[in-house]
Amino acid sequence: MGRNLIQGSLYSGNLKSSVDEALHSGIDLPHSVAYTINGEPGDLCPCSKETTYRWMVEYGKTYLVRLVNAAVSADLFFAVAQHNLTVVGTDAHYTKPISTSYILISPGQTMDILLTTNQSLGHYYIAARQFWSHEVGVAKFDLVNATMILQYKGNYTIPSSPTFPSNLPLYKDLRSAITFTKHFKSLANKDYPVYVPLNITTRMFITLSMGGIIYHNLTSTLEAMAASANNISWSNPTTDVLLAYYRNISGVYSTDFPDQPPSYFNFTGDDFPNTLTELGTKVKVLNYNEAVEMVFQGTNLVQGAGFHPMHLHGHSFYVVGSGPGIYDNVTDPKSFNLVDPVEVNTFAVPKQGWLAIRFVANNPGVWFWHCHMDRHMTWGMSSVFIVKNGDTTETSIRKPPPQLPLCEASFRLRLENIDGLDQGKENEPIFS
């Protein structure tokens with residue numbers, strides 16, 4: 001027996017119009033007004049008090065819960081009142097069982113969880129709330145506790161109110177967040193082996209930063225929110241990269257995404273050099289079957305330190321290490337888990353810390369990788385891998401479909417001068 005639980009976000013007004021306006025004016029993107037479970041904020045919110053999602057269960061059963069975080073701009077804590085949970089899988093890969101009283105799930109992540117209904121007959125809240133990992137002093141974020149009700153079948157006195165999970169961590173509980181993420185390991189047995197690449201042929205050290213870009217032209221200046229990887233803030237081209245690569249169209253992207261940041265400094269400190277960021281469409285080209293190691297380093301630029309759930313399209317990867325502070329390429333690899341690391345497609349870089357992943361580039365094509373916090377991705381914390389063809393038809397990119405839809409950028413600010421005049425004046429992005 002199982003149940004899918006989809007966590008989502010609720011916004012007021014026309015979300016697309018609000019996003020377009022925020023990008024046009026360079027301000028923060030819209031924040032949700034509530035979180036939801038299976039489409040409902042729950043009965044703590046007047047708007048859904050009568051329509052709160054209820055799950056009827058029988059005593060003594062074990063249920064499989066498929067938990068999905070579709071609230072794409074928030075990590076979410078999750079718990080069931082007076083019930084323990086056992087995580088047995090994530091991102092379609094089995095894990096060693098994790099017995100826990102709460103869950104932390106990042107945007108885009110999925111988890112498979114066993115729930116045993118072994119408590120007194122009654123009503124119990126299943127609840128989720130945002131984990132806010134950014135500036136500690138910030139209070140203006142979505143504080144709504146999304147709820148649904150786990151309702152036992154049987155004869156008993158209906159409680160006046162369901163029991164709320166006392167073990168649900170508070171919004172800014174960084175210790176609980178990091179503690180939970182450290183539990184993940186693969187089964188790594190005969191039936192479910194792991195294939196961690198050991199002979200690495202490509203190593204990348206990537207800094208993840210928040211900040212701003214200043215656009216200059218002849219008549220005006222605009223400062224816009226920005227995010228970057230190795231100081232490159234991704235700009236969506238008007239022709240999609242996949243089509244440009246397949247048809248060998250020049251001028252759409254460049255193949256010089258850097259393997260290292262332009263400068264090294266105290267990434268997690270409070271004093272920084274005047275580092276320039278570059279707006280561009282830079283990709284990294286990988287040979288087929290290339291063994292890749294990526295180390296993501298969180299930074300505190302403009303006090304932007306926080307969790308960054310990094311997601312790779314087209315591949316799964318092994319999380320071989322993570323830790324606080326600045327990555328040390330001499331000592332930290334000695335602690336890498338190369339025996340039973342968890343295999344996923346999304347995993348969070350800890351606040352003011354680092355995450356090391358490994359994968360084999362065995363899926364030819366053009367693959368986006370990005371922070372799964374949508375506001376960070378929208379501001380440019382992303383890039384693309386181009387995985388070249390192998391030697392056979394089976395290891396080569398497929399042909400495009402006969403009716404290939406057009407792909408157009410929905411927003412042009414980062415592609416044009418802000419007053420629409422060219423006059424030979426290029427945009428000059430500067431990290432502010």
- Message: Within the chain, what whole-number % of the accessible surface is contributed by carbon and sulfur, with the 1.4 Å probe and all protein chains included in the calculation?
- Response: 51 percent
- Query: Nearest 20 debye, what's the magnitude of the dipole of the chain about its Cα centre given +1 on Lys and Arg Cβ and -1 on Asp and Glu Cβ?
  - Reply: 1220 debye
- Query: Computed FRET efficiency, Cβ-Cβ of His24 and Val88, R0 30 Å: what is it to the nearest 0.05?
  - Reply: 0.10
- Task: Please work out the average accessible area per residue across region 1-91, using the 1.4 Å probe convention, and give it in Å².
- Result: 46 Å²
- Query: Relative to the present Cα-Cα distance, how much length would full extension add between Glu223 and Lys190 at 0.36 nm per residue of separation?
  - Reply: 6.4 nm
- Task: Rank these by accessible area, largest first, 1.4 Å probe: Leu242, Leu67.
- Result: Leu242, Leu67
- If each of Leu198 and Ile6 carries a label point 7 Å out from its Cα toward its Cβ, how far apart are those two points in nm? 4.3 nm
- Query: Among the trypsin sites (Lys or Arg not before Pro) within region 1-71, which fall in a DSSP loop and have no more than 13 other Cβ atoms within 10 Å of their own Cβ?
  - Reply: Lys49, Lys61
- Item | region 1-138: relative contact order as a whole-number percent, Cα under 8 Å and 6+ apart | 25 percent
- Query: Of Ser209, Cys47, Tyr63, which is farthest along the charge dipole of the chain in the positive direction, counting Lys and Arg as +1 and Asp and Glu as -1 at C-beta?
  - Reply: Tyr63
- Sum of side-chain charges, Glu293 neighbourhood, beta-carbon under 11 Å (Lys, Arg +1; Asp, Glu -1): 0
- By the scheme Lys and Arg +1, Asp and Glu -1, what is the net charge of all other residues having a beta-carbon under 11 Å from that of Asp256? 0
- Only bridges with both residues in the chain count here: give the DSSP antiparallel percent, nearest 5. 75 percent
- Message: Filter Lys185/Lys351; Lys182/Lys388; Lys96/Lys172; Lys190/Lys388; Lys96/Lys153; Lys153/Lys185 down to the pairs with a C-alpha to C-alpha distance above 24 Å, please.
- Response: Lys182/Lys388; Lys96/Lys172; Lys190/Lys388; Lys96/Lys153; Lys153/Lys185
- Note on the structure: So, relative contact order of the chain in percent, Cα under 8 Å, 6 or more apart, is 16 percent
- Query: Of the chain, which part is the longest with no GluC sites (Glu not before Pro) in a loop (DSSP not H, G, I, E, B) and with at most 16 other C-beta atoms within 10 angstrom?
  - Reply: 136-393
- Item | Solvent-accessible heavy-atom area per residue, rounded to whole Å², over region 238-364 at 1.4 Å | 42 Å²
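The values are calculated or read from the model by the stated rules, or taken from the named source; none is laboratory data. Note that this is a predicted model, so its numbers are computed, not measured. Note that we place each Cβ from the backbone using ideal geometry, even for glycine, and neighbour counts take in every protein chain shown. Ligands, DNA and RNA are stripped out before the accessible areas are found, and what is left, the full protein with its side chains, is counted by its heavy atoms. Shrake-Rupley method; radii C 1.70, N 1.55, O 1.52, S 1.80 Å.
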